[in-house]
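Below you'll find the structure, written out as structure tokens, and then a few comments.
The values are calculated or read from the model by the stated rules, or taken from the named source; none is laboratory data. Here the structure is a predicted model, which is why all the values come from computation and not from measurement. Don't worry about glycine lacking a Cβ; one is built from the backbone with ideal geometry, like all the others, and counts go over all protein chains shown. Keep in mind that these areas ignore ligands, DNA and RNA; they rest on the heavy atoms of the full protein, side chains included. Shrake-Rupley method; radii C 1.70, N 1.55, O 1.52, S 1.80 Å.
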Amino acid sequence: MKKRRNFLFVAFYSILLLGISGCSDKGNRNPNTFEILTPKPSPVPRINGAKIFGVRPGSPFIFTIPATGSKPINYEVLNIPAGLSCDPKTGQITGVIEEPGEYLTTFRVTNKLGSAQREFKIVCGDKLALTPHMGWNSWYVWENHVTDKIMRDAADAMVSSGMIDHGYMYVNIDDCWAIKPGSTDSTLLGEPRDIRGMVNSNKRFPDMKGLTDYIHSKGLKAGIYTSPGPFTCAGHIGAYGKEEQDIARFAEWGYDFLKYDWCSYGKIGRKDTLPDLQKPYILISNIIRNQKRDIVLNLCQYGMGDVWKWGKEVGGQSWRTAGDLGGSFEGIATALFRDGFDVYSRNSLHLYAGPGGWNDPDYLLIGYLSNWKGETVPTPLTPNEQYTQVSLWSLVAAPLIFSGDITRMDDFTLSLLTNDEIIEVDQDPMGKPGYRVTKSGDTEVWIRHLEDGSCAVGLFNRGENSLNVTARWSDLGLAGKQRVRDLWRQKNLGRFNDEFSVKVPQHGVVMVRIWPH
Ligand code: GAL
């Protein structure tokens, strides 16, 4: 199993860096020298993030209008559906829509410098996650040290850093909130369930309802984690045999997102056939569907049985496409530099995802991460590799879930997470994931078609030296004169005939958007 997991995370990471070989711009570890490309948000109002949002009739609605611009901002929703209201001071939209249907609203934000408005579609039906999830997850930075305070601090930081103004929404606890039988740490010990059979949290989480209320009060959503097996991967109590009670508990606590991680289920269930692999996920999604709140379901079973082909069918809104990006820094490094395990392109994963169900290639490994020895240290990814990860994630319509220390972000990390033109690619309402169009030597060109008829194109360099990378119109399915804009720098580059060619630094990327002239 361990061997398979190792293989899977190596396999997985190759979609990230497209098989970079050799070492990288590794001399560059001084954050002061990292080149920030994202322009600072303008003080003039701008509306960011998703343009479409799904909710079920009767479920509590929480969505905060993501807008940048100097504060205070006044927030309005024109044509707001019956049952919802918008707090003009915070932009938090809350309430309940009872009538299914498509509601075309307009967000308007105003400050002393002006105002901006944009259409926003609310689809009240049975589909959630109409665009990839955006948020934060505790795993890669806090792993088994996560606490209530860490989660509250994360919610605070999502607001104070401004991430919420760019569309980030979920604050998700990963493993280690439940009781861990046999632990040597007394804070993790206790009765796993109460007399009703409802799961208990451990002493590090003394008040789960208080925690989700806190997260919701910030206009954010809360996520939790468990396993279909008797234990989670870190040995805490899982949901096996108590699925009804656990989902009812998560709903009563007020959770909006569940990561359901295979872990010890392998010892209980079989995994020889597709029905074996699907069984725990069908069971849980049916229970989730009966709750009176929307809980987004993230399947975490490392890509087994080509989960991308059926993740949506069994009720998932996203599915991990392979193993962990890294259980250790060595793991990440090894994976980064391996060629030939190209999960995404080899399996044409772009064909399977779309509104309501997304390929999840794991979290954004930037900023400060755990070194698995009780310390947090800077990501082992070089600046160019970090640009490559975020660009690729938005090209393939992956969830943008940051898993570094959100309370300790330098300007560079924040700039990677909050480039609105890159986020707009990730959150494109058409929801068609991108794919690789050409691979030649150390260079690759990826394309994603966008709703307005334009396309986003990533020009990647896997090599050790800067290289010229060319995107040819004939390869991209384009013809004639095209207008090209650099998305990281948010600058128009001009009009080009036949091709766009640019120098790309080692392990780096230039990401552009192309419109017909
Ligand atoms: C792994 C999972 C990680 C993390 C970890 C927690 O199986 O892939 O993302 O959740 O378990 O123990």
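What size of dipole, in debye to the nearest 20, comes out for region 46-124 about its Cα centre when the only charges are +1 on Lys and Arg C-beta atoms and -1 on Asp and Glu C-beta atoms?
Numbers: 9 positive and 6 negative charges, 89 e Å.
Result for region 46-124 is approximately 420 debye, rounded to the nearest 20.
Longer than 18 Å from Cα to Cα, which of 51/432; 121/259; 180/221; 112/491; 51/127; 259/373 are they? Say none if no pair is.
121/259; 180/221; 112/491; 259/373, as the Cα separations exceed 18 Å there.
How large is ³J(HN,Hα), in whole Hz, for each residue of region 164-181 in order, when computed from phi with the Karplus curve 6.51 cos²θ - 1.76 cosθ + 1.60 and θ = phi - 60°, using x for Gly and Pro?
4, 6, 10, x, 6, 9, 8, 10, 10, 7, 8, 4, 5, 8, 8, 5, 10, x
Within region 241-327, list the GluC sites (Glu not before Pro) lying in a DSSP loop whose Cβ has at most 14 other Cβ atoms in a 10 Å radius.
313
Relative contact order of the chain, please, whole-number percent, based on alpha carbon pairs below 8 angstrom and at least 6 residues apart. Let's see the in-between values first.
Working: 1273 pairs, mean separation 89.0, N = 517.
Once normalised by length, the contact order is 17 percent.
Distance from the Cα centre of region 297-323 to that of region 387-439, in angstrom?
Cα centroid of region 297-323 versus Cα centroid of region 387-439: 20 Å apart.
For region 50-112 and region 138-174, what is the centre-to-centre distance using only Cα atoms, to the nearest Å?
Here the two parts' Cα centres lie 22 Å apart.
Taking H placed 1.01 Å from N in the peptide plane, check which residues at least 5 places from residue 508 or on another chain put their amide H under 5 Å from its amide H.
Close amide H contacts, sequence-distant or interchain: 461.
Relative contact order for region 46-124 using alpha-carbon pairs under 8 Å, separation at least 6, rounded to a whole percent?
Result for region 46-124 is 38 percent.
Just to make sure I understand: if all protein chains stay in place, what is the order of 489, 320, 196 by accessible area at 1.4 Å, largest first?
Numbers: 489 90, 320 5, 196 140 Å².
Solvent-accessible surface, decreasing: 196, 489, 320.
Along its principal axes, what span do the Cα atoms of region 134-426 show, with the longest given first and each in whole Å?
Over region 134-426, Cα extents along the principal axes are 53, 43, 36 Å.
Residue by residue through region 364-373, which ³J(HN,Hα) values in whole Hz follow from phi under the Karplus form 6.51 cos²θ - 1.76 cosθ + 1.60 (θ = phi - 60°), with glycine and proline marked x?
Ordered by residue, 3J(HN,Hα) equals 7, 9, 10, x, 8, 10, 5, 9, 6, 10 Hz.
Could you give P(r) for region 46-124, binned at 5 Å from zero, as whole percent values over all Cα-Cα pairs?
That works out to 3, 16, 30, 25, 14, 8, 3, 1, in percent per bin.
Collect residues whose amide H, placed 1.01 Å from N in the peptide plane, falls under 5 Å from the amide H of residue 231; neighbours closer than 5 in sequence don't count.
Sorted by chain and number, the residues that satisfy this are 238, 264.
For region 349-503, what % of the accessible area comes from carbon and sulfur atoms, probe 1.4 Å?
Carbon and sulfur together cover 43 percent of it.
So what is the relative contact order of region 134-426, in percent, for Cα pairs below 8 Å that sit 6 or more residues apart?
Details: 538 pairs, mean separation 49.5, N = 293.
Rounded, it is 17 percent for region 134-426.
Two decimals is fine: what's Rg over Rh for the chain, C-alpha atoms, Kirkwood radius as Rh?
Numbers: Rg = 22.1 Å, Rh = 23.3 Å.
That ratio equals 0.95.
How large is ³J(HN,Hα), in whole Hz, for each residue of region 34-40 in order, when computed from phi with the Karplus curve 6.51 cos²θ - 1.76 cosθ + 1.60 and θ = phi - 60°, using x for Gly and Pro?
After applying 6.51 cos²θ - 1.76 cosθ + 1.60, I find 5, 7, 8, 9, 5, x, 4 Hz.
Can you give the accessible area of residue 53, probe radius 1.4 Å, in Å² rounded to 10?
Its heavy atoms expose roughly 20 Å² to the probe.
Excluding ligands and nucleic acids, what accessible area in Å² is computed for residue 282 using a 1.4 Å probe, to the nearest 10?
Rounded to the nearest 10, that gives 70 Å².
With a 1.4 Å probe and all protein chains kept in place, how do 270, 495 rank by accessible area, largest first?
270, 495
Given the protein chains as shown and a 1.4 Å probe, how many square angstrom of residue 151 are accessible, to the nearest 10?
So the heavy atoms of residue 151 present about 0 Å² to solvent.
Using only helices, what value at 222 nm comes out for the chain when you add -39,500 (n - 2.57) per DSSP H run of length 4 or more and divide by the total residues, to the nearest 500 deg cm²/dmol?
The helix-only estimate for the chain comes to -6500 deg cm²/dmol at 222 nm.
Which one of 387, 173, 147 is farthest out on the positive end of the charge dipole of the chain, using unit charges on Cβ (Lys, Arg +1; Asp, Glu -1) and the Cα centre as origin?
387
Would you grab the residues whose amide H sits under 5 Å from the one on residue 487? Only those 5+ places off in sequence or on another chain, please, with H modelled 1.01 Å from N.
511, 512, 513
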